[in-house]
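Notes follow the structure.
The values are calculated or read from the model by the stated rules, or taken from the named source; none is laboratory data. Computed from a prediction, not measured in an experiment: that's the story for all the values here. With ideal geometry, Cβ positions are generated from the backbone for all residues, glycine too; neighbour counts draw on all protein chains shown.
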Ligand SMILES: [Zn+2]
C-alpha cells in the first residue's frame, strides 16, 4: 500500500490533504495516479505513442486493464516498462516535492519514460508483429523492430495410389499438450475421387493419441 495522504489520514494522521502535483484536489491513490491533470497528460502521451486508450474510474481497474492490453511480445515489454515508469516517476516526483521541495517537472518524467523504454528495447526481447501498427509504435520511440522470422513454407504433394487401390490419409491434432482434439481421414482412389471420409471429435487427448486414433479408425473403416 502506498502511503498517500488519504491512507495516512485513515490511519489516524491528521493532515490537510492536498495533491502535491496539482495542489488542488485531495491526495488519494486514484487522484495521484489517475485523475491528477498532470498525470492525465502523462498517460495521454504514453497511450498516444502506443496507440491505446485505457479509461477507468479507479486506479486498480485502470492498472489491471493496462496490464491486459494485447500486443506483440516486443511491444508488450515496452508497454509494461512505460506504465511502470510513469507510476514510479509520479511517485518519486511527489516525494521529491514533499521532502525536498523540488517542483514536479512533467517533461523530465516523460523523458524518463522514453529512456526506460529505449533501454528495455536493448534487452534480449522477443519479436514484434510484422505490421504497420508495431512499426509506428517503435518509430515513435525511435527504436529498431525485431521482426518475426518469415514462415517456412513446405510443399506437400499428394501422390495417387496404384490403379485398383484406395489410399487413406489421416490426421489428428489437439489444442495444447493436453487439450480438445479430433481426428479425421479421407479415402481416395488412383484418380483422386473421394470414396469416403470421417472426422471425429475426441475430447481431451494428447496429439500423439489423436494421430494414433486417426490411423486406427481408418483401418477399422477400411
Ligand atoms: Zn493533483
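Just the residues that are farther than 15 Å from residue 36 by Cβ and in contact with a helix residue (DSSP H, G or I) (Cβ under 8 Å, 6 or more places away or on another chain), please, taken from segment 89-107.
The one that is farther than 15 Å from residue 36 by Cβ and in contact with a helix residue (DSSP H, G or I) (Cβ under 8 Å, 6 or more places away or on another chain): 102.
Only one of 193, 206, 180 is modelled with pLDDT under 90 and surrounded by fewer than 15 Cβ atoms within 10 Å (Cβ to Cβ). Can you tell me which?
180
Could you say whether any residue in segment 98-108 is free of Cβ contacts under 8 Å to residues at least 24 places away in the same chain, farther than 30 Å from residue 20 by Cα and either surrounded by 14 or more Cβ atoms within 10 Å (Cβ to Cβ) or touching a strand residue (DSSP E or B) at 6+ places or on another chain (Cβ under 6 Å) (or both)?
No, segment 98-108 has no match at all.
In the set 219, 153, which member is modelled with pLDDT under 95 and either under 36 Å from the mean Cα position of the chain (by Cα) or within 30 Å of residue 128 (Cβ to Cβ) (or both)?
Values: 219 fails: either under 36 Å from the mean Cα position of the chain (by Cα) or within 30 Å of residue 128 (Cβ to Cβ) (or both).
The match here is 153.
Out of segment 42-61, which residues are surrounded by 13 or more Cβ atoms within 10 Å (Cβ to Cβ), closer than 17 Å to residue 113 by Cβ and within 16 Å of the ligand (Cβ to nearest atom)?
42, 43
Do we have any residue at all in segment 156-168 that's in contact with a helix residue (DSSP H, G or I) (Cβ under 7 Å, 6 or more places away or on another chain), surrounded by 10 or more Cβ atoms within 10 Å (Cβ to Cβ) and farther than 30 Å from residue 120 by Cβ? First the steps, then the outcome.
Let us first name the residues in segment 156-168 that are in contact with a helix residue (DSSP H, G or I) (Cβ under 7 Å, 6 or more places away or on another chain), namely 168.
Filter again for surrounded by 10 or more Cβ atoms within 10 Å (Cβ to Cβ), leaving 168.
Filter once more, so that each one left must be farther than 30 Å from residue 120 by Cβ: 168.
There is at least one residue in segment 156-168 that is in contact with a helix residue (DSSP H, G or I) (Cβ under 7 Å, 6 or more places away or on another chain), surrounded by 10 or more Cβ atoms within 10 Å (Cβ to Cβ) and farther than 30 Å from residue 120 by Cβ.
Under the condition of being assigned to a loop (DSSP other than H, G, I, E, B) and over 17 Å from the mean Cα position of the chain (by Cα), which residue from segment 97-123 is farthest from residue 46 (Cα to Cα)?
From segment 97-123, those assigned to a loop (DSSP other than H, G, I, E, B) are 101-105, 121-123; that's our starting set.
Adding the requirement that they be over 17 Å from the mean Cα position of the chain (by Cα) leaves 101-105, 122-123.
Details: 101: 27, 102: 24, 103: 22, 104: 18, 105: 16, 122: 19, 123: 20 Å.
Top of the filtered list is 101.
Quick check on this structure: which one of 12, 23 is within 12 Å of the ligand (Cβ to nearest atom), outside any helix (DSSP H, G or I) and modelled with pLDDT under 90? Even if it seems obvious, please write down each step before you answer.
Values: 12 fails: within 12 Å of the ligand (Cβ to nearest atom).
That would be 23, the only listed residue that is within 12 Å of the ligand (Cβ to nearest atom), outside any helix (DSSP H, G or I) and modelled with pLDDT under 90.
With respect to residue 28, determine if the residue is without any contact (Cβ under 8 Å) to a residue 24 or more places away in the chain, in contact with a helix residue (DSSP H, G or I) (Cβ under 8 Å, 6 or more places away or on another chain) and within 15 Å of the ligand (Cβ to nearest atom). Step through it out loud before you land on a result.
Details: without any contact (Cβ under 8 Å) to a residue 24 or more places away in the chain: no; in contact with a helix residue (DSSP H, G or I) (Cβ under 8 Å, 6 or more places away or on another chain): yes; within 15 Å of the ligand (Cβ to nearest atom): yes.
Taking the combined requirement at face value, the residue does not satisfy it.
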